[in-house]
Each structure stands twice: as structure tokens, then as C-alpha cells.
Amino acid sequence: MDPTYSWHKGSSAVNPKWGIPVSLLEDESLSSFLLRLSYAHGITSIALGEILWPKKRVWTTDTDRMRLDALETLSKATGVAPDVLYKTTLSPIEINISNTELTKRRGTVTPWVLTLGCRNRQREGGYNICPSCFREDSSPYLRIHWRLAWHTACATHRCLLIDKCSKCLSPISPHLLSKDICNLTYCSSCLFDLKEISTEPCSQSALEIQSLLDSIVSKGHGVFCDVSWSSVALFGYLSFLGSLSRRAMRSETSPLKSVFEYLQIKLPDASDDSKALKFEKLPPDDRHKLLIGFMQFLRLPLDDFYACLVQYGITRQSFVGDCKVVPPYIEALVQKLPDNQLSYRRSARKPGWNPAPKYLVMRKLKQLIKSFKRHKNERKVIK
């Protein structure tokens, strides 16, 4: 078994204001702690939020990004120190991933953090879980590293994570369970026990890159294959590789796809509606395949990478795509690639519109269908 990096050791309750003490478990996420707190006191997750924060609807947003002032209120009620509660959130991890200020990320996809797609209390994306961990937990709980996009597998059980119920295919949303369930291992839609879901084995390469990235994020820097990386620089390069992979996936005859095939890097069999999705919105199995490829790119000497690109006629423009900032690690490689800058002449615009790509149309159609079903369910609840 590969050791899993620990983001925090948990904590016992010390002089809690509330009568029933609930200990924070190792690597537990804040949303999980709140759910178990509501179970212990026999109330719903909504009621718990209204008691602690009367003017906030905590479950209509990403609860794992709670602000410090709100954590102080929770600390007084539970007896768990605010600095420990802060480690159950995504904020200390996000700081070492991107230079973008946290306050400027609202409404956008945070790099390398899985999206939940909050619409009121509904979720378009589910929490990632390991059913085997749930089976072994005396008190099942959600881990904070299950929210990280580079975590696609459980290092303890060497299996892929899941993000939906295998019976009804609904996203895993334990905050929607009623207070009578008192166990977050059940599907909120069909009440199927998620512990019973069978899992698939994972790749050793995926576990290696998980461990590597955990170490570099926790320290802010690290060394891999004799290259010294800052955490921000490494994730910037990985984001570029993600963009490169998406562009290779969009065409069966793309020269970029030939590069991936030559390097024996397998791309996921993406459906039409997922070809434009960001890495953070992909299901665990697709992210798993891409991460294996990222590991091969990290191990590939830049001279060999350059020779492969030249062999397949990749120009500077086709390699960089719409990337505005080239990662420093490959700046020299990009400068050596053939420059195929095109000059455009103004011409009269032809009447009519060019058709949008099929995968974009199908993606928009599925979004509209989901939106229609969601509004239909909300009207039923009101009635």
C-alpha cells in the first residue's frame, strides 16, 4: 500500500458549547464534519446551517470554502480550534496551486479543485468517494483530498474513486439526505448504499503523481526527475498539458493526436459533450487516464519531446493553441518550434453563420435538459 499524505490529523472536541461532542477525523473535509455534526444532534444539515449561521445559506455554496469568520462560530460550538477547522477547507491548498487571488475566483472553475456545480442545494457534480474506505470506516466520512482533481484513486485500496451512484447515476450529494438516514454513505436520490458499489483497479502511475503533487503542494516546492519545481509552476505546466490533451481529443486525424499515439499516451474516449470540458469537470476515470499521460510527459526529456513535435510537423501556434502564458519550463522548446504565423487580410463578411461544432451543441443540449429537470423538480416541491 502506498502511504497517503495527511492534510490534517483531526482533533478532539475541547469544551464544546453544544452538548454532544463530535471529534474531527483525520483528513476530514469541512462539509463532512458538518454532516456528521447534524447527525449527532438529530437535525438536518439545513437546520444546522440556520442555527450556526442564521443569515447564510451554507449549503447553496461550496461548503469546503467557508470563510474564517464563519469557522470561528463553528469552533465555539464544537470545541475544535479555528486553525484546525481551516485545514478542513480547500483554501490552504488552493494558495499553493495558483497565483490568482481566492477572492477573484468566484463564479469560475478553481484550477485543480473539483467542481460541484452548485444550483441552490442541487449539485451538477458529485463528491468523489472510495466505497472501500466507507466500508472500513467506523463512522464514514468524506476526505478533503477527494476534492482535489489530481486524486482519481484511493492509495489505500488501489482503486478508482467514483462520483455518482451506480444505480440511478445521480451525483453523490450527502447533504440532501434526511435526518432519519444519519449516514452519508447512501445515495440521496434512490437511497442505494454506496458501500456496495464495486470499484475498478487503478494505475501505479496515477498513484505516483498523486503522491508527488501532494508533497509539492504541501511544501510549495519539490524536485522531480532532477527538475526543481515550485508548486505554482508545476501546476501551470500540468494545466497546459491538459489543454494540449483536450485539443488532441477533438480530432481523429490531428497531428497532436499522432504525438500522443507515438508517445503511447492513451487519451480517454471522451463523448461529444465532454471534449470541451475542463479537467476539473471530468469524471474520475477520464482524469485518471490523463494523469497517467501527464506523468509520462513529466518524465520525458525536453529534447525528446521537441524531436517528436518536429517529426509530426507541430508548429509553435498549433502547440501553444490559445494559451496566453507559456509555462517557463517549455519556453525554450516553444521558441525552437517552426513559426507559422498567418497574416489575415480584411475581406467582406459572408452572409449567414457557420455551424457550431457538434460536441458544443450536444453539450449545450444536455445542460438545457438538466436545467429543465431541475426547475421541474423545484416546482413540485413548491406545490
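The values are calculated or read from the model by the stated rules, or taken from the named source; none is laboratory data. Everything numeric here is computed off the predicted structure, so don't read it as measured data. Glycine gets a Cβ as well: all are built from the backbone with ideal geometry, and neighbour counts include every protein chain shown. What goes into the accessible areas is simple: the full protein's heavy atoms, side chains included, and nothing from ligands, DNA or RNA. Shrake-Rupley method; radii C 1.70, N 1.55, O 1.52, S 1.80 Å.
Taking 4.7 Å between beta carbons as the limit, the unpaired Cys residues of the chain are C118, C159, C182, C202, C225, C308, C323.
The residues of the chain expose, per residue, 53 Å² of accessible area to a 1.4 Å probe. For the residue pairs K56/K370; K278/K358; K164/K195; K17/K179; K9/K164; K324/K366, the C-alpha atoms sit more than 20 angstrom apart in K56/K370; K17/K179; K9/K164; K324/K366. Here the simple spin-label model places points 7 Å from the Cα toward Cβ, and for V109 and D193 these points are separated by 3.6 nm.
Ranked from the most accessible area to the least, with a 1.4 Å probe and all protein chains present, what is the order of I46, I93? Mind showing how you got there, number by number?
Working: I46 60, I93 10 Å².
If we order I46, I93 from most to least accessible, we get I46, I93.
Shown here: region 1-60, whose C-alpha atoms stretch 43, 29, 18 Å along the first, second and third principal axes, sorted largest to smallest. With a 1.4 Å probe and all protein chains kept in place, how much accessible area does D339 have, in Å² rounded to the nearest 10? Near enough 90 Å² of accessible area. Restricting region 186-276 to GluC sites (Glu not before Pro) that sit in a DSSP loop and have at most 13 other Cβ atoms within 10 Å of their own Cβ leaves E252. Using a simple spin-label model with pseudo-atoms 7 Å out from Cα toward Cβ, A40 and S251 lie 5.7 nm apart. Model label sites at I181 and T315, defined 7 Å from Cα along the beta-carbon direction, differ in position by 5.4 nm. Cα axis of helix 302-311 to longest principal axis of the chain: angle in degrees, 0 to 90, nearest 10? Taking Cα atoms only, the helix is inclined about 50 degrees.
Under 5 Å from the amide H of A149 lie the amide H atoms of V113, L114, each residue being 5 or more positions distant or on a separate chain, with H modelled from the backbone and absent for Pro and chain starts. The angle between the Cα long axis of helix 358-382 and the main principal axis of the chain comes to about 20°, on a 0 to 90 degree scale. Tilt of helix 68-78 relative to the longest C-alpha principal axis of the chain, in degrees (0 to 90, nearest 10)? Once rounded, one gets 30 degrees. Sorted into 5 angstrom bins from 0, the C-alpha pair distances of region 151-285 split as 2, 8, 13, 15, 17, 17, 12, 8, 5, 2, 1, 0 percent.
Note on K266 and T73: the extension gain reaches 64.7 nm, defined as 0.36 nm multiplied by sequence separation minus the Cα-Cα distance. Summarising the amide proton neighbourhood of R119: residues at separation of 5 or more, or on other chains, whose placed amide H is nearer than 5 Å comprise E124. Out of these labelled values of Rg and Dmax of the Cα atoms in Å, (i) 20.7, 65; (ii) 21.1, 80; (iii) 22.8, 75, which was calculated from the coordinates shown here? Given (i) 20.7, 65; (ii) 21.1, 80; (iii) 22.8, 75, the structure-derived one carries the label (iii).
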